[in-house]
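K.L.:
Following this message is one structure expressed as structure tokens.
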Amino acid sequence: MSLDVSRIRQDFPILNREVRPGVKVVYLDSTATSQKPLSVIEAMNDFYRRSNANIHRGVHVLAEESTAMYEQAREKIAKFINAPSARQVIYTRNTTESINLVAYTWARANLKRGDLVILTEMEHHSNLVPWHMLAAERGIQLEFIPVTDDGLLDLGTYKSLLARTPKLVSFTHMSNVLGTINPAADIIRRAHDAGAVTVLDAAQSVPHLKVDVQQLDVDFMAFSAHKMLGPTGIGALYGKTALLEAMPPFLGGGDMIKEVKLRSFRPNELPYKFEAGTPAIAEAVGFGAAVDYLNSIGMETIAAHEHEITEYALERLEEIPGLKVFGPTADKKGGVASFTFDGVHPHDVAQILDQDGIAIRAGHHCAQPLHEKFGIPATSRASFYLYSTKDEVDKLIEGIYKVKKVFG
Amino acid sequence: MDDLYREVIIEHYKNPSYRGKLDPHDISFADNNPLCGDHIQIDLRVDDGKVSEARFDGHGCAISQASADLLVESVIGKSLEDVKKMNRQDILDLLGIELGPVRLKCALLSLKVLKAGVYGLGEASDALVE
Ligand SMILES: Cc1ncc(COP(=O)(O)O)c(C=O)c1O
């Protein structure tokens, strides 16, 4: 089924925004954060207007309602990724916090000096720095699956790294720079064969692809609501029950306890054990509404639309002399096109495009080591989502020709 | 906004007059803007408390590089005491444009580097260009 983009665009009020008089926004920065449909905005609004109260413990109507809404959203999210139980979905602030949760709890309980953790060269800083910090503290070793020139993981090297019996393999499902969609199921299966636990950074995959945690057999998976039409301030960590139950808690405080004595406490059961303090309740409700919206369109339909736009964008970008797109061909990647252009700094490209309302991102996109690998300090990145159109791609291309004019 | 790429900026970016290094030098300092990878090094020769020669080197966006060229040009002949007094408005005056918060960082990198060098600091800080 193909997607009716013009109808979808009506659901996103911001896409009608004029960023300058007479200049409508052309939003090509969804990899950084997605825009939000009215249904999400209204769900959060309604929550505050009608139902707002702190969750759990309260016995009044508003508290009951808020608690139910918070937990219903968790059920929706669990179902969306095909988690066996909603108890396995822990609310966090974002992908970054989800990965840190694993690093602070599971890893500190299970890794010791000399243990090997495998990452990849295409990781976002959020899947690098927590492990750097652990390496400094614990003396764990880090190794990296290399990235090939065409932006794929070098799985041959992965195989030889596995022979060194790693304890953990933590990697991104989809690169936020190259767009590469990694063969997660295969990487996870091989990690398990070698006895390692796996963490999947799904910040870019869950918003754009059908992701099934049982099919992947992944141990932990991290993602953020704000990249999948939901609000900022909330994300999730999925984990296998046995692992989550064996892990020590993360932050200490209210809600994460079953019982507190003056000198001791007993942690709560899943998932509350990892949710200390008053959480982002309205945001959870918005997260649930975002999942509803994505389901109403269908992830296969969304992925097909993005593929079409990406294919078109790559084709048009590659026509431009002096422009180089990084990453694999359209069949192996999601809706991301990171490029360099004729020696013009990406900031200047982005700034000139901005004059026509075209919003792209410029910089290292929190993947500095990956940029270093390709020998460039920064790239310009255009990214696409279900509301992106070929017309917007055309505007991007025209804008890049303008850049050429300015820099002559 | 169009003025952001005024000809003078493009000109200083493409054909800087003060790009290079000084060897020997009395003061040399380098730093980068972690957000976008702009990098600036500034070398100074000082005579009698005054900047007698100055050069910058580095890479980055047009704003960061043009502002470095303009800044270096403007400090030759200035006393170190006067350099210490320079602030963000001096840079904006040199560039002749208005800048949003993100690009301001690019524009101010060279002044931050210059002042950190003149003050003899180990580490440049945003407080130098407030
Ligand atoms: C691949 C990837 N991992 C992790 C993150 C971090 O997400 P957040 O900033 O929501 O924690 C991002 C977001 O930019 C990402 O693209």
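The values are calculated or read from the model by the stated rules, or taken from the named source; none is laboratory data. The structure presented is a predicted model; accordingly, all values stated were derived computationally and were not measured. Neighbour counts are summed over all protein chains in view; Cβ atoms, including those assigned to glycine, are modelled from backbone coordinates with ideal geometry. To get the accessible areas, we keep the full protein, side chains included, count just its heavy atoms, and leave off ligands, DNA and RNA. Shrake-Rupley method; radii C 1.70, N 1.55, O 1.52, S 1.80 Å.
K.L.:
What's the tally of Lys pairs in the stretch A:195-270 whose alpha-carbon atoms lie under 27 angstrom apart, where the two lysines are 8 or more places apart or on different chains?
P.N.:
4
K.L.:
Between B:ILE76 and A:ASP331, what is the label-point separation in nm under the 7 Å Cα-to-beta-carbon projection?
P.N.:
Spacing of the two 7 Å Cα→Cβ label points: 5.9 nm.
K.L.:
Further question on the same structure: If you take every residue apart from A:ASP115 with its C-beta less than 9 Å away from the C-beta of A:ASP115, what net charge results, scoring Lys and Arg +1 and Asp and Glu -1?
P.N.:
Surrounding charge for A:ASP115 is +4.
K.L.:
Another question about this same structure. Which residues in the stretch A:40-59 have a backbone N closer than 13 Å to a point placed 7 Å from the Cα of A:THR241 along the Cα-to-Cβ line?
P.N.:
Within reach of a label on A:THR241, which here means backbone N under 13 Å from a point 7 Å along Cα→Cβ, the stretch A:40-59 contributes nothing.
K.L.:
Taking 0.36 nm per residue of separation and subtracting the Cα-Cα distance, what length does fully extending A:ASP4 through A:HIS192 add?
P.N.:
Result for the pair: 63.5 nm of gain on full extension.
K.L.:
Just to make sure I understand: if all protein chains stay in place, what is the order of B:LEU4, B:LEU35 by accessible area at 1.4 Å, largest first?
P.N.:
Working: B:LEU4 5, B:LEU35 105 Å².
Largest to smallest exposure gives the sequence B:LEU35, B:LEU4.
K.L.:
If you don't mind, there's one more thing I want to ask. Using a 1.4 Å probe on the heavy atoms of the protein chains only, list every residue of the stretch A:394-408 that has 20 Å² or more less accessible area in the complete assembly than in its chain alone.
P.N.:
A:VAL406, A:PHE407
K.L.:
In the stretch B:8-27, which residues have a backbone nitrogen under 19 Å from the label point lying 7 Å from B:LYS84's Cα in the Cα-to-Cβ direction?
P.N.:
Residues B:26-27 fall inside that zone.
K.L.:
Can you list residues from other chains, or at least 5 along the same chain, whose modelled amide H is less than 5 Å from the amide H of A:GLN141?
P.N.:
Those qualifying (amide H under 5 Å, at least 5 residues apart or on another chain) are A:GLY114, A:ASP115, A:LEU116, A:VAL117.
K.L.:
Report the gain in length on full extension from A:VAL59 to A:ASP342: 0.36 nm times residue separation, minus Cα-Cα distance, nm rounded to one decimal.
P.N.:
Numbers: separation 283, 0.36 × 283 = 101.88 nm, distance 6.38 nm.
The span from A:VAL59 to A:ASP342 would gain 95.5 nm if fully extended.
K.L.:
Count neighbours as other Cβ atoms within 10 Å of each site's Cβ, and list the trypsin sites (Lys or Arg not before Pro) in the stretch A:88-188 that are DSSP loop with at most 15 such neighbours.
P.N.:
Answer by residue number: A:LYS112, A:ARG113, A:ARG164.
K.L.:
What number, rounded to the nearest 500 deg cm²/dmol, is the helix-based mean residue ellipticity at 222 nm of chain A, given -39500 (n - 2.57) per DSSP H run of at least four residues and division by all its residues? The partial results should precede the final answer.
P.N.:
Numbers: 14 runs with 151 residues, N = 408.
Computed mean residue ellipticity for chain A: -11000 deg cm²/dmol.
K.L.:
Most mobile of A:ALA109, A:ALA73, A:ALA191 per a Gaussian network model of chain A (Cα springs, under 10 Å)?
P.N.:
Maximum fluctuation in the GNM of chain A, among the listed residues, is at A:ALA109.
K.L.:
If R₀ is 45 angstrom, what is the calculated FRET efficiency for the pair A:ARG164 and B:LEU104, using the beta carbon separation as r and rounding to 0.05?
P.N.:
For R0 = 45 Å, the calculated efficiency reads 0.40.
K.L.:
Give or take rounding to whole Å, what are the principal axis extents of the alpha carbon atoms in chain A, in descending order?
P.N.:
Here the spans come out as 71, 56, 37 Å, largest first.
K.L.:
Using r as the Cβ-Cβ distance of A:GLU372 and B:ILE10, and R0 as 45 Å, what FRET efficiency do you calculate, to the nearest 0.05? Intermediate results must be reported in sequence, preceding the final value.
P.N.:
Numbers: r = 28 Å, r/R0 = 0.63.
Efficiency, rounded to the nearest 0.05: 0.95.
K.L.:
What list of ³J(HN,Hα) couplings, whole Hz, do you get for the stretch B:124-130 from phi and the Karplus terms 6.51, -1.76, 1.60, once you set θ to phi - 60° and write x for glycine and proline?
P.N.:
For the stretch B:124-130, the Karplus curve yields 6, 9, 4, 4, 5, 10, 6 Hz.
K.L.:
Taking the Cβ-Cβ separation of A:SER296 and B:LEU92 as r and a Förster radius of 45 Å, what is the calculated FRET efficiency to the nearest 0.05?
P.N.:
E(calc), rounded to 0.05, equals 0.35.
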